[in-house]
Amino acid sequence: MSSPAPKSPYAGHRFPAEVISQAVWLYFRFPLGLRMVEEMLAARGIVVSHETVRQWALKFGQEFANRICRRLVRGGDKWHLDEVAIKIAVATHWLWRAVDQTGVVLDVLVQGRRDKRAAKRLLRKLLKRQCRAPRVMVTDKLASYGAARREVMPWVEHRRHKGLNNRAENSHQPTRRREQQMKRFKSPRQAQRFLSAHDQIGNLFHLRRDHVTAAEYRAARMRAFETWADISGVAAAA
C-alpha cells in the first residue's frame, strides 16, 4: 500500500502557491514594507491586505530559509565575526553575525549582552550548525571573542584586526536598511525571527559579479530562481 502524498503547506489558503511565494520573496529579499508588497501585488491585479502578507511571512519565511540552508553548500572555513548595536524599544541589544570568506551569512544571534558569555553562545551555535570548526576566525579587537575561543575551540587560529573584518561589518548593511524600513524591531524575538529568515534567503541570491561574465551571472541567477521555486513548492504545485 503506497503512502499518502504529503499535504501541501498551502492547503487551506485562498491564494495560489505562486502568489504566496512571490509575496514572501519580495518581503525578505528587498527592503520593502508590508504595505509596499501589498501595493506591488495590487499592481498585478492581486488584491491582498498587508496583514495577510505579514501572516504569510511568519508562516513560510523560516521554513523556506531552513530549506535553503539545507540546500546550499556548507560555509567556508574562514569565519568573520562581528557585533553591532541595535535599538529595540528603548533598550540596546547586540546583533552578532558570522559570515564566511565569500560573504555568505553563517548565522545571526540577537542578544542583550556583549561579553564572553554572549560570544561563547554564538560560537557554540555556529559549531552546531556548521558541524565543524573553522580554519581561521577573524574578529575586531573585542576581547570577548578571544576569551570565548579559548574555551570553545582553542585550536583555531584567531586574527584580531579592525581592518580585516570589513566583510562582516559590510554584511550588517542590509539589516540596517530593513531596520530603518521597519522603524526598528519591536522585540528581540521578532528581530531574531525576521533576520534568521532574511539572511538565509539573501544567501540564495548572494551572487558574485566579479570575475564572471554576464552570461555566467545570468545563469547563476536563473539557478537561484529555480531553487527558490523548488523550495517554496511552486514548481511542484504548478
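Throughout, read-outs are computed from the coordinates displayed, never taken from laboratory work. Just so you know, these numbers come straight off a predicted model, no measurement behind them.
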Quiz item: Which of the lysines could be linked to LYS116 by a straight reach, that is with a Cα gap under 19 Å, when you skip same-chain ones fewer than 8 residues away?
Solution: LYS125, LYS128, LYS141, LYS162
Quiz item: Taking the Cα atoms of the stretch 78-204 alone, what are Rg (to one decimal) and Dmax (as a whole number) in Å?
Solution: 13.8, 42
Exercise. Determine, at each q value in 0.20 (inverse angstroms), the log₁₀ of I(q)/I(0) that the Debye formula gives when each Cα of the stretch 64-116 is one equal point scatterer.
Key: -0.78
Quiz item: P(r) tail for the stretch 190-232, what percent of Cα pairs lie past 11 Å?
Solution: 68
Practice problem: Compute the whole-percent fraction of alpha carbon pairs in the stretch 1-130 spaced more than 25 Å apart. | Solution: 46
Quiz item: Give or take rounding to whole Å, what are the principal axis extents of the alpha carbon atoms in the stretch 127-193, in descending order?
Solution: 42, 28, 20
Self-check item: Rg and Dmax of the chain, Cα atoms only, in Å
Solution: 19.3, 62
